[in-house]
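One structure below.
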Amino acid sequence: MFIKVLQEALEGARSVEGVEAELIPLLEYKFGPCISCYDCIRMPEHRCTLQDDMGRRGEGKLWKKVEGINGFIFAAPVHFWMADAATHLFIERLYPFLWSGELKGIPVANITVASNQGMQIIADTMLCQLAFTLVMRY
């Protein structure tokens, strides 16, 4: 369900002159959790050194998608009162951008879909907190 809502949001964004929007399905990429090596803090270019799609010193396929981006719409199903693990993992791996400042102030919105009981409110709050931590504009 969240994919349908996201597709509508992307179409709305694309309807604005000059706006490009791309769906990036996280499950099509290979990346794991941050291992707290802090290489991204020590290196002047602030790139992740892990050998996966969010690393390779800025050469990972998913990393390349993020570089130069000027906004996010995070879309996630709600599992256990929070955004799914893939979304959380992806945002965690944005940590090097905190140090480079490349995502500072960019707008971010989110779409969460829960089956019942309003759990999307809790997931939305979590995503807002993560965006705030990365100095994004929620």
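The values are calculated or read from the model by the stated rules, or taken from the named source; none is laboratory data. Predicted model, so just to flag it, every value in this text is computed and none were measured. Cβ placement follows ideal geometry from the backbone for every residue including glycine, while neighbour counts extend to all protein chains displayed. Quick note on the areas: whole protein, heavy atoms, side chains included, nothing else; ligands and nucleic acids left out. Shrake-Rupley method; radii C 1.70, N 1.55, O 1.52, S 1.80 Å.
Values for this structure:
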{"read-out": "Cα pair distances exceeding 13 angstrom across the range 87-138, given as percent", "value": "59"}
{"read-out": "Fraction of accessible area attributable to carbon and sulfur, the chain (%, probe 1.4 Å)", "value": "58"}
{"read-out": "Charge context of TRP99, other residues only, Cβ under 11 angstrom, K/R +1, D/E -1", "value": "0"}
{"read-out": "Solvent-accessible area per residue for the chain (1.4 angstrom probe, square angstrom)", "value": "60"}
{"read-out": "Rounded to the nearest 20 debye, dipole of the chain from Cβ charges on Lys, Arg, Asp, Glu", "value": "280"}
{"read-out": "The range 48-138, relative contact order in percent, only Cα pairs under 8 angstrom and at least six apart counted", "value": "28"}
{"read-out": "ARG14 paired with LYS64, simple spin-label distance in nm, labels 7 Å along Cα-to-beta-carbon", "value": "2.2"}
{"read-out": "Contact order normalised by residue count of the range 48-97, Cα under 8 Å, 6+ apart, percent", "value": "20"}
